[in-house]
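Report on the following structure.
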Amino acid sequence: MRLQKGLAEMRVFTPVVTALLLSTTSHQVLAQSASPGAVIELPSLVVTTSDSAPDLATLRKRLNAIPGGVALVDVNAIGPTANLTLSRALESVPGVVVQNFFGGNDQPRLQIRGSGSQQNPVERGVLVLQDGLPLNRADGSYIVGFIDPQQASAIEVFRGYTANRLGATVLGGALNFISPTGLSAPGSMLQFSAGSFGQVNVNGRTGFANDKMNGLIQADFTTRTGFRDYNDSQRVAVGANVGFSLSDNVKTRVFAGYRDLAFDVAGPLPWVALKQNPKQNWRGPIVTPSGAIFPGPNVDRDRPRREASQFLIGSRTTATYGSHVFDGTIGYTYTDDMFRFPISSGVRTTKGGDLTVSGRYAYQPDESRPLPLFETSVMYTGGSAERGNYLNIGGTQGAQFGDSELGASTLSLYSGMNIPLGDMLTLSPALSYAYATRSNTDNWALPTRPTAAFAPPRPYMPLPNGAVPTQNTSFNNNYDGWSPSIALNLKLNENNSFFIALSHSFEPPTWEDMLATVNGTPNSSPGRPNPGNPRLRAAAFATPDLDAQTANTIEGGWRGEYGAVAWDATTYYSWVENELLNLRDATGASLGAMNAGKTRHFGVEVGVTAKLWEHLIARLAYTYQDFRFQNDPLRGNNELAGIPPHFITLAMQYQMTDKWMVMGSFRWSPTPTPVDNMNTLYAPAWIVADVRTEYNINENFSVFGEITNVFDEVYAGSTLIVDNARTDQAAFLPGDGRGFFAGVKATF
């Protein structure tokens with residue numbers, strides 16, 4: 001009945017929203033620079049000139065020829081905010097959904113077109129780049145908390161096949177965070193803000209430029225005690241880059257960065273507990289004479305936490321000789337990651353480095369055309385990591401039970417053309433190939449693996465330790481696949497163009513898909529499905545033999561402008577084979593990964609901008625997602641868990657005077673979101689409003705303030721994603737309550 005009601009609401013709601021989208025508002029995105037993609041130039045929501053303004057003319061010229069789903073967010077145009085999180089930076093990009101987990105700089109669930117959305121935390125499905133070099137490990141996984149929009153001048157967003165030319169091997173797409181340089185951001189900037197939840201943020205940069213050389217260094221520090229009882233977080237990020245003109249034709253830029261992230265994992269709550277007190281943390285299942293109720297992790301005892309750091313160094317050299325452009329990059333990242341999961345998974349440590357080498361050649365004989373006639377690229381990433389698994393004993397690292405040497409490599413090749421068929425039509429065929437290896441050498445030499453447990457009726461009382469026979473977890477798998485695409489762009493006039501594209505995608509599994517801790521409970525470690533029986537034999541790890549995920553996608557779009565209104569609309573339909581799903585049980589404990597049979601992803605991505613009056617600008621982004629199993633033996637045609645069917649953001653900015661701006665915005669999930677693949681439990685709809693204001697004292701100083709969640713809405717910003725949920729389980733992650741923040745920004 002719940003599913004039928006949701007479908008009925010969807011059928012009624014969709015045409016209403018579509019009509020609304022085509023009649024109003026906006027979205028601060030610009031066109032992507034050098035990839036097949038589609039986004040329309042949309043007016044900025046700020047009066048001040050963007051630091052990256054010199055590059056915008058090139059972006060605007062290229063957008064009308066791009067056949068696909070791409071956007072560019074001008075970070076400088078977002079304006080001062082107390083903490084520019086990933087969700088705030090991308091909230092106005094249709095097709096990109098960022099669901100906050102614990103507030104602040106933690107690990108929000110990021111998904112584009114559903115790829116990787118079922119991981120907890122999300123570590124797959126999107127290629128994340130910094131200045132063109134991946135933050136992802138060689139296996140495709142990434143730590144979303146490393147992404148720092150405050151250290152970017154712009155964010156390129158690639159949806160679907162448009163990411164192939166960057167070396168992506170995913171269904172979802174890619175994000176490229178472009179650092180400011182001494183050319184785009186000369187001088188210095190310092191910003192300080194503070195406010196609710198113990199939040200303090202300090203960030204600054206300084207840049208210089210001369211005829212032969214330019215450089216910039218920037219740093220960002222954020223700390224929060226958090227909205228919830230166990231919710232501390234800190235992040236430090238430092239970045240620098242130096243550019244050299246080796247000749248009139250050859251330019252090189254060297255860059256380096258370091259990020260250090262630490263945060264408490266405030267766990268999920270049952271819905272009834274969330275409504276009563278969203279600040280609390282759960283203490284695990286409650287044992288009654290008739291059985292355990294309210295299953296979920298014991299956060300108070302296990303103290304889950306993540307501490308991770310990453311160092312990146314690289315260089316990019318570009319040489320231009322007439323119609324020929326050569327581009328080469330090399331980069332290295334070293335990642336040190338400690339994740340203290342609840343006892344059911346234990347403590348996971350991962351340390352290792354990855355080397356990336358890439359090259360690109362483009363041929364553009366006609367400078368009047370925005371895209372090259374031909375381009376080809378290659379990217380290779382290889383790396384290894386030492387993986388240790390330890391018991392979580394009351395929030396401390398206990399005995400080791402796993403010792404692995406992980407290895408991975410990914411080779412991506414791409415070639416594409418943009419063939420003019422007259423003045424109005426452009427045909428863009430492309431072909432990419434990927435070869436990936438994933439391996440694990442199990443170095444555990446003992447005949448058994450230790451286990452630990454607490455008594456379920458008295459969850460703070462340790463039970464006798466146990467041990468289970470060692471099962472070897474080694475594997476050595478290879479994956480390869482071709483991903484052809486073809487697109488046609490029709491440019492009717494300067495203000496209207498249409499595109500249609502057909503593509504194939506290929507996505508191999510990551511280490512986390514192929515090596516998972518299993519058979520734990522909220523009161524016992526992996527390998528011990530019955531806490532009270534230390535001699536029960538069960539595997540501590542699952543190493544499923546997974547296939548790569550593939551999909552065939554058709555998409556089309558219309559970008560246009562009429563008077564003071566501009567829009568960018570894309571719709572797509574993907575037939576997915578062997579979709580990679582990471583399953584969890586009703587307690588939140590891992591069940592390992594699996595390949596689904598056939599699934600399908602259907603979506604609509606619309607952004608609209610409008611100047612309503614002389615001083616009033618509005619923007620709106622709408623994402624519709626209908627992702628379903630196809631005749632699955634257990635799940636039928638159910639919705640895939642964790643995907644909000646509708647997601648809407650709306651912002652309206654009013655320029656009170658030349659110096660004073662006021663903005664109001666809301667984020668709206670108007671229909672229930674399934675928590676599990678069996679569609680038995682749903683997260684209720686919610687809407688959250690924010691207001692923000694900025695006053696420019698003079699050309700060098702400004703002050704700003706904001707109120708988030710103005711009406712103090714109690715809601716679940718995100719949820720766990722499980723396969724078969726219970727109605728009473730701890731699955732809901734509350735969003736922040738009302739917050740007040742203020743800050744000052746100085747440029748000189």
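Would the range 559-580 turn up any residue that is assigned to a strand (DSSP E or B), in contact (Cβ under 8 Å) with a residue 60 or more places away in the chain, open to solvent by less than 50 Å² (accessible area, probe 1.4 Å) and closer than 19 Å to residue 721 by Cα? Within the range 559-580, one or more residues are assigned to a strand (DSSP E or B), in contact (Cβ under 8 Å) with a residue 60 or more places away in the chain, open to solvent by less than 50 Å² (accessible area, probe 1.4 Å) and closer than 19 Å to residue 721 by Cα.
State which residue is nearest to residue 116 (Cα to Cα) when the search covers only the range 714-741 and only residues that are out of contact with any Asp or Glu (no Cβ under 8 Å at 6 or more places or on another chain) and of a type in the set (Val, Ile, Thr). Checked the range 714-741; the qualifying residue nearest to residue 116 (Cα to Cα) is 719. In the range 431-468, of all residues being among the aliphatic types (A, V, I, L, M) and open to solvent by 20 Å² or more (accessible area, probe 1.4 Å), the one that is nearest to residue 548 (Cα to Cα) corresponds to 431.
When residue 310 is tested against (1) within 25 Å of residue 360 (Cβ to Cβ); (2) surrounded by fewer than 17 Cβ atoms within 10 Å (Cβ to Cβ); (3) at pLDDT 95 or above; (4) not aliphatic (A, V, I, L, M), just one condition goes unmet, and that condition is (2).
Restricting the range 172-185 to residues that are open to solvent by less than 10 Å² (accessible area, probe 1.4 Å) and among the hydrophobic types (A, V, I, L, M, F, W, C), the residue that is nearest to residue 627 (Cα to Cα) is 174.
Conditions (1) under 22 Å from the mean Cα position of the chain (by Cα); (2) open to solvent by less than 30 Å² (accessible area, probe 1.4 Å); (3) closer than 24 Å to residue 97 by Cβ, marked per residue:
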{"site": "656", "(1), (2), (3)": "no, no, no"}
{"site": "667", "(1), (2), (3)": "yes, no, yes"}
{"site": "686", "(1), (2), (3)": "yes, yes, yes"}
{"site": "692", "(1), (2), (3)": "no, yes, yes"}
{"site": "700", "(1), (2), (3)": "no, no, no"}
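Looking across the range 368-414, the residues that are more than 30 Å from residue 522 (Cβ to Cβ) and of a type in the set (D, E, K, R) come down to 369, 375, 405.
Being touching a strand residue (DSSP E or B) at 6+ places or on another chain (Cβ under 6 Å), in a loop (DSSP other than H, G, I, E, B) and among the polar types (S, T, N, Q) is a condition met by at least one residue of the range 536-546. Out of 257, 204, one residue alone is open to solvent by less than 30 Å² (accessible area, probe 1.4 Å), among the small types (Gly, Ala, Ser) and within 21 Å of residue 328 (Cα to Cα). It is 257. Test residue 675 against the stated conditions and say whether it is among the aliphatic types (A, V, I, L, M), in contact (Cβ under 8 Å) with a residue 12 or more places away in the chain, closer than 24 Å to residue 739 by Cβ and crowded, with 16+ Cβ neighbours inside 10 Å. So residue 675 does not fit the description; no. Name the pairs whose Cβ atoms lie under 7 Å apart, with the first residue in the range 235-248 and farther than 9 Å from residue 217 by Cα, the second of a type in the set (Asp, Glu) and crowded, with 19+ Cβ neighbours inside 10 Å, and 6 or more positions between them or separate chains? Note: pairs meeting the criteria are 237/148; 237/220. Residues that are outside any strand (DSSP E or B) and open to solvent by 20 Å² or more (accessible area, probe 1.4 Å) were ranked within the range 291-303; the one that is farthest from residue 129 (Cα to Cα) is 294. Could you please let me know if residue 369 is over 25 Å from residue 451 (Cβ atoms), open to solvent by 70 Å² or more (accessible area, probe 1.4 Å) and either at pLDDT below 95 or within 29 Å of the chain's Cα centre (by Cα) (or both)? Considered against the rule, which asks whether it is over 25 Å from residue 451 (Cβ atoms), open to solvent by 70 Å² or more (accessible area, probe 1.4 Å) and either at pLDDT below 95 or within 29 Å of the chain's Cα centre (by Cα) (or both), residue 369 comes out as yes.
Under the condition of being over 30 Å from residue 178 (Cα atoms) and either open to solvent by less than 30 Å² (accessible area, probe 1.4 Å) or touching a helix residue (DSSP H, G or I) at 6+ places or on another chain (Cβ under 7 Å) (or both), the residues counted in the range 260-290 number 14.
When we screen 120, 76, 83 for residues that are closer than 29 Å to residue 372 by Cβ, open to solvent by 10 Å² or more (accessible area, probe 1.4 Å), outside any strand (DSSP E or B) and of a type outside the set (D, E, K, R), the only hit is 76. Scanning the range 626-640 for residues that are in contact with a Leu (Cβ under 9 Å, 6 or more places away or on another chain) and buried (at least 21 other Cβ atoms within 10 Å of the Cβ) returns 627, 629, 639, 640. Among the residues of the range 318-328, those that are part of a strand (DSSP E or B) and open to solvent by less than 50 Å² (accessible area, probe 1.4 Å) comprise 318, 319, 325, 327, 328. Of all the numbered requirements in (1) farther than 22 Å from residue 601 by Cα; (2) assigned to a loop (DSSP other than H, G, I, E, B); (3) open to solvent by 10 Å² or more (accessible area, probe 1.4 Å), residue 138 misses one, and that requirement is (3). Here the condition is being at pLDDT below 95, over 21 Å from residue 492 (Cβ atoms) and out of contact with any Cys (no Cβ under 8 Å at 6 or more places or on another chain); of 552, 533, it holds for 533 alone.
Would you be able to say whether some residue in the range 475-483 is free of Cβ contacts under 8 Å to residues at least 40 places away in the same chain and not β-branched (Val, Ile, Thr)? The answer is yes, given that some residue of the range 475-483 is free of Cβ contacts under 8 Å to residues at least 40 places away in the same chain and not β-branched (Val, Ile, Thr). Looking at the range 469-519, which of the residues that are aromatic (Phe, Trp, Tyr) and under 23 Å from residue 407 (Cα atoms) is surrounded by the fewest Cβ atoms within 10 Å (Cβ to Cβ)? Once the filter is applied, the top-ranked residue is 482. Scanning the range 584-625 for residues that are on the phi > 0 side of the Ramachandran plot and open to solvent by 10 Å² or more (accessible area, probe 1.4 Å) yields a total of 1. Quick check on the range 242-254. Is at least one of its residues under 23 Å from the mean Cα position of the chain (by Cα) and not hydrophobic (A, V, I, L, M, F, W, C)? So far as the range 242-254 goes, no, none of its residues is under 23 Å from the mean Cα position of the chain (by Cα) and not hydrophobic (A, V, I, L, M, F, W, C). Inside the range 158-209, residues that are touching a residue at least 60 places away in the same chain (Cβ under 8 Å), of a type in the set (A, V, I, L, M) and farther than 21 Å from residue 74 by Cα make up a count of 4.
When you look at residue 335, is it closer than 30 Å to residue 246 by Cβ, within 25 Å of the chain's Cα centre (by Cα) and open to solvent by less than 10 Å² (accessible area, probe 1.4 Å), yes or no?
no
The values are calculated or read from the model by the stated rules, or taken from the named source; none is laboratory data. All values reported here derive from a predicted model rather than from experimental measurement. Positions of Cβ are backbone-derived with ideal geometry, glycine not excepted, and every protein chain shown enters the neighbour counts. Areas reflect the complete protein model, heavy atoms only, side chains present, ligands, DNA and RNA absent. Shrake-Rupley method; radii C 1.70, N 1.55, O 1.52, S 1.80 Å.
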